[in-house]
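Notes to accompany the following structure.
The values are calculated or read from the model by the stated rules, or taken from the named source; none is laboratory data. All values derive from a computational prediction rather than experimental measurement. The accessibility values were calculated without ligands, DNA or RNA, using every heavy atom of the protein model including side chains. Shrake-Rupley method; radii C 1.70, N 1.55, O 1.52, S 1.80 Å.
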Amino acid sequence: MADTSLIQFRLDTNLKDDAQKICNEIGIDMPTALRMFCKKMVAVGGIPFSLISMEKTQSAARWNIYDDARNEIQNNNIPDMTLDEINAEITEVRKSLR
């Protein structure tokens, strides 16, 4: 198992709950989502989506972030995580929690 570090931070409860609901909808847990974000940030050398105006609706903002991230991946030939890679991440986490 790779050397790991614990990261703790405070997050607005409503934001955490909303993010948790999205994770549940797509079938991953919050730590896996955050690891995926960090891996993508390292792969692209920055934030893996464009930062957009807060004036847009949440729904539109979510789609814009998704589209921007997808375009960034396609334009820079960045390989996305495969289902096998995601499952391997989940397996590693579960092993470390035992």
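Some points to look at:
- Qualifying residue in the range 84-92 (condition: modelled with pLDDT under 90, outside any helix (DSSP H, G or I) and under 14 Å from the mean Cα position of the chain (by Cα)): no
- Among the conditions (1) within 22 Å of residue 31 (Cα to Cα); (2) at pLDDT below 75, the only one that residue 63 does not satisfy is (1).
- For the range 1-30, the set of residues classified as open to solvent by 70 Å² or more (accessible area, probe 1.4 Å) and either in a helix (DSSP H, G or I) or modelled with pLDDT of 95 or more (or both) consists of 13, 14, 15, 16, 21, 24, 25, 26, listed by residue number.
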